[in-house]
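Below is one structure, written out as structure tokens; the observations come after it.
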Amino acid sequence: LEATHTLGCGAFGRVKLAKDSSENFYALKCQAKTAIVESGLEEHVLNEMRVMRKVDHPLIAKLFVALQDDKYIYFLLELLQGGELFTHLRSKGKLTEQSARFYGASVVYAFATLHAKKIAYRDLKPENLVMDKNGYTKLVDFGLAKQLISGKTWTLCGTPDYLAPEIILNEGHDLAVDYWALGVLIFEMVVGAPPFYAEEPMDVYEKILGGNPAMPSFFTRNLSDLIKKLLRQQQGKRLGNPRGGTAA
């Protein structure tokens, strides 16, 4: 592999453009071992690798191979050239309902495959949806994903605006947290801001636990109905989670 210029930087390293001897291009995620160890996130990084190895889906960024040397752990990933949905959303301000339906459906399709393997993604947000050259979004960054062999987990993790009530209350959560986050994402795409937005995380949590965010008057009836069913406080009644999943 020949690594060339930097595509982006993160907490533990950077992502570089790389190509092989056949002129195939990739994204090479380089993560510094010392930074990972100092932050106590060894298991976090290894878990990301394990989860990505379990999935092969057209709307999930592909991990080709994991490598290492004395200083870095390397993930050789599919190159996605279209940029983050977050960037496009900020540039446009908000999206049409039709566009939100398209991107939301892409997420549901990816979740169906993850959830069939009992994997909760747990980090849905516009920053983690990256477009390929054809404009399709793919899920990236599986650092918080977890295979729920025993059914539930109690880890507090995720982005404040997207946290489901059961995570905040530490009641134990399952795959249903992903459908809550999908409701938040769809709302944010069409409005330009998440439904529980506040300056301070504690205020965000208070709004989430209060439930029933107001639906803007320009929402169609179907859109309001969809978001309300995804943002149900009770895990068992949340759309996508009851028996039959997304096919129900």
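The values are calculated or read from the model by the stated rules, or taken from the named source; none is laboratory data. Keep in mind that this is a model prediction, so the values were computed, not measured. In this analysis, Cβ positions are derived from the backbone assuming ideal geometry, glycine residues included, and neighbour counts consider all displayed protein chains. Each accessible area value is taken on the protein alone, full model and side chains, heavy atoms only, with ligands, DNA and RNA left out. Shrake-Rupley method; radii C 1.70, N 1.55, O 1.52, S 1.80 Å.
For this structure, a couple of remarks:
- Between helix 176-191 and the chain there is an angle of about 80 degrees, using the helix long axis and the longest principal axis of the Cα atoms.
- Among ASN212, ASN134, ASN47, residue whose mean-square fluctuation peaks in a GNM of the chain (springs only between Cα atoms under 10 Å): ASN134
- The stretch 26-115: GluC sites (Glu not before Pro) in DSSP coil with no more than 12 other Cβ atoms inside 10 Å: none
- Neighbour net charge for SER150 - beta-carbon separation under 14 angstrom, K R +1, D E -1: +2
- Per residue, the chain exposes 52 Å² of accessible surface when a 1.4 Å probe is rolled over the protein heavy atoms with every protein chain present.
- Build a GNM of the chain with springs between Cα atoms under 10 Å apart, and of LYS33, LYS94, LYS133 the one that fluctuates most is LYS133.
- Cα-projected label distance for LEU46 with LYS62, points at 7 Å along beta-carbon direction, nm: 2.7
- One Cα centroid belongs to the stretch 140-195, the other to the stretch 15-39; the line between them spans 27 Å.
- Global size of the stretch 145-248: 13.5, 42 Å for Rg and Dmax (C-alpha atoms, Rg to one decimal, Dmax whole).
- Max mean-square fluctuation residue, GNM over the chain, Cα-Cα springs under 10 Å, options ALA32, ALA110, ALA145: ALA32
- Structure-derived Cα Rg over 2.2 N^0.38 Å - corresponding label in (i) 1.03; (ii) 2.21; (iii) 1.68: (i)
- Sequence-distant lysines (8 or more away, or on other chains) whose Cα lies within less than 20 Å of LYS138: LYS16, LYS29, LYS54, LYS62, LYS92, LYS94, LYS117, LYS118, LYS125, LYS146
- A simple spin-label model places pseudo-atoms 7 Å from Cα toward Cβ; at ALA116 and CYS9 they are separated by 4.1 nm.
- Proximal charge balance of ALA35 [Cβ under 12 Å; K/R count +1, D/E count -1]: +1
- Per-residue ³J(HN,Hα) for the stretch 63-77, Karplus 6.51 cos²θ - 1.76 cosθ + 1.60, θ = phi - 60°, Hz, x for Gly and Pro: 9, 7, 7, 10, 10, 7, 9, 5, 10, 10, 9, 10, 10, 8, 10
- One quarter of the surface of the convex hull around the alpha-carbon atoms of the stretch 1-127 equals 9.2 nm², the direction-averaged projected area.
- Look at the alpha carbon pairs under 8 Å that are at least 6 residues apart: their mean separation over the length of the stretch 12-158 gives a relative contact order of 25 percent.
- Normalised contact order of the stretch 40-81, rounded percent, pairs of Cα under 8 Å and 6 or more residues apart: 27
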